[in-house]
Ligand SMILES: Cc1ncc(COP(=O)(O)O)c(C=O)c1O
């Protein structure tokens with residue numbers, strides 16, 4: 001088998017002359033908090049990015065198959081996004097929502113135009129964790145109820161309320177912030193009790209939400225929160241009907257439904273602009289981050305005018321939320337997605353990649369499951385297809401070998417057993433071929 005080679009690029013990276021990776025690592029170990037972790041046995045240092053590619057300090061190029069954890073939506077340093085950021089940085093970097101500035105309103109109008117139904121009122125914050133915190137506050141204020149239902153294997157952020165709704169039995173935290181939060185069964189057809197072959201799986205998983213409402217709460221809930229495809233949990237897609245049945249149970253108990261679109265939004269899933277649309281549901285509150293800003297600290301909560309009324313009279317103030325620079329960038333991101341047809345590209349190349357990965361699954365028993373939509377694809381690795389014993393060491397080995405060949409990948413799942421592929425939405429057919437060739441080569445090597 002010939003060694004896969006990256007498609008050519010016309011971009012010439014600037015020669016890096018800064019501190020070495022070893023020096024940067026030593027500085028990080030001395031001065032940064034011990035909770036951060038690194039991928040790869042020999043940590044990688046990235047110093048430049050252009051569209052779907054990144055370069056390390058030695059000038060080696062990689063295809064960024066993880067997109068900065070699903071954050072680079074339209075491409076690293078996309079020229080239009082950079083141009084509006086530069087122009088705004090030179091004009092006025094910061095004002096405050098106490099004064100008028102045209103960018104924030106123009107962006108809110110554009111963002112609202114992309115959301116369906118009554119989802120037209122925007123709040124701007126700086127991160128996905130903050131967005132989910134605000135969404136929970138809105139839900140509790142609006143309903144007057146306290147209990148929240150979230151999912152095991154979910155991830156919603158690293159602040160107190162984000163950790164509380166994150167499936168604590170699965171993710172790293174076992175935090176005391178989760179009072180009033182109940183975790184329902186993850187609708188995870190590959191591992192859960194109701195599999196891909198069960199046509200009623202969506203309803204059955206939703207029944208678990210209903211039983212939590214009945215037996216773990218007073219019968220009244222404030223909210224249900226879920227990602228539309230679980231991201232950190234390993235790109236777990238829910239069976240059809242799951243959100244529809246769950247939303248019915250939640251609304252019958254007086255609650256509102258929150259869709260966390262931090263990883264699934266902005267056309268990445270290909271068939272729809274928002275992940276929840278694939279399940280045919282209409283959330284009451286949507287949270288957005290990551291790809292919304294293509295790498296800048298922009299996040300949002302979008303809800304209905306009625307729900308937003310619940311916080312009227314209670315000041316919403318966020319120093320950097322909706323500042324002129326990030327809102328200019330957010331608007332440019334939406335324009336680029338439209339102009340460059342990136343949702344269609346995600347659909348087309350996502351289907352192509354998934355088919356390629358499925359072919360490899362047929363050849364390699366270590367691949368237990370291939371799933372996901374558009375450019376959000378998961379490859380779950382198992383030591384044994386019958387027992388489904390997770391294969392985290394093999395998953396880590398795939399990451400190492402792919403890196404050597406010039407492809408950066410992510411991993412997820414409870415045991416780190418699922419490879420996550422979520423490149424910038426601007427990848428080309430030649431990039432997709434390269435990705436499939438790399439997977440083929442690394443599975444062969446395993
Ligand atoms: C689905 C989801 N929600 C929320 C968050 C939290 O976002 P942030 O890290 O910007 O606070 C993340 C981060 O990975 C995420 O994947």
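What are the pairs, 6+ residues apart or on separate chains, where a residue within the stretch 203-227 that is on the phi > 0 side of the Ramachandran plot and assigned by TED's automatic domain parsing to the domain that holds residue 262 has its Cβ under 8 Å from a residue that is at pLDDT 95 or above and more than 16 Å from the ligand (Cβ to nearest atom)?
From the stretch 203-227, the pairs are 219/213; 219/253.
Kindly indicate which of 281, 326 is closer than 27 Å to residue 190 by Cα and in contact with a strand residue (DSSP E or B) (Cβ under 9 Å, 6 or more places away or on another chain).
The match here is 281.
What number of residues within the stretch 37-63 satisfy the criterion of being within 16 Å of the ligand (Cβ to nearest atom) and either outside any loop (DSSP other than H, G, I, E, B) or in contact with a helix residue (DSSP H, G or I) (Cβ under 8 Å, 6 or more places away or on another chain) (or both)?
1
Going by the conditions given, is residue 332 touching a helix residue (DSSP H, G or I) at 6+ places or on another chain (Cβ under 7 Å) and closer than 15 Å to residue 132 by Cα?
Spelling it out, it is not the case that residue 332 is touching a helix residue (DSSP H, G or I) at 6+ places or on another chain (Cβ under 7 Å) and closer than 15 Å to residue 132 by Cα.
Please tell me if residue 430 is out of contact with any helix residue (DSSP H, G or I) (no Cβ under 9 Å at 6 or more places or on another chain), at pLDDT 95 or above and more than 16 Å from residue 374 (Cβ to Cβ).
Yes: the conditions hold for residue 430.
Which residues, taken from the stretch 248-283, are more than 13 Å from the ligand (Cβ to nearest atom) and in a helix (DSSP H, G or I)?
Scanning the stretch 248-283 gives 248, 249, 250, 251, 252, 277, 278, 279.
Please pick out the residue among 388, 363, 358 that is surrounded by fewer than 18 Cβ atoms within 10 Å (Cβ to Cβ) and on the phi > 0 side of the Ramachandran plot.
That would be 388, the only listed residue that is surrounded by fewer than 18 Cβ atoms within 10 Å (Cβ to Cβ) and on the phi > 0 side of the Ramachandran plot.
Any idea how many residues of the stretch 226-247 are in a loop (DSSP other than H, G, I, E, B) and either over 18 Å from the mean Cα position of the chain (by Cα) or surrounded by fewer than 24 Cβ atoms within 10 Å (Cβ to Cβ) (or both)?
Residues meeting the conditions: 3.
Kindly provide the set of residues from the stretch 122-136 that are more than 10 Å from the ligand (Cβ to nearest atom) and within 18 Å of residue 264 (Cβ to Cβ), ordered by number.
135
If residue 357 meets every condition in (1) away from the ligand (no atom under 16 Å from the Cβ); (2) more than 25 Å from residue 435 (Cβ to Cβ) apart from one, which number is that one?
(2)
Just to be sure, is residue 321 touching a residue at least 60 places away in the same chain (Cβ under 8 Å), away from the ligand (no atom under 15 Å from the Cβ) and in a loop (DSSP other than H, G, I, E, B)?
No: the conditions fail for residue 321.
Under the condition of being more than 18 Å from the chain's Cα centre (by Cα) and within 19 Å of residue 302 (Cα to Cα), which residue from the stretch 251-261 is surrounded by the fewest Cβ atoms within 10 Å (Cβ to Cβ)?
251
If you take the residues in the stretch 150-169 that are more than 17 Å from the chain's Cα centre (by Cα) and within 16 Å of the ligand (Cβ to nearest atom), which one is surrounded by the fewest Cβ atoms within 10 Å (Cβ to Cβ)?
My answer is 160.
The values are calculated or read from the model by the stated rules, or taken from the named source; none is laboratory data. All figures in this text were calculated on a predicted structure; none of them were measured in a lab. Ideal geometry is used to build each Cβ from the backbone, glycine not excepted, and the neighbour counts take in all protein chains shown.
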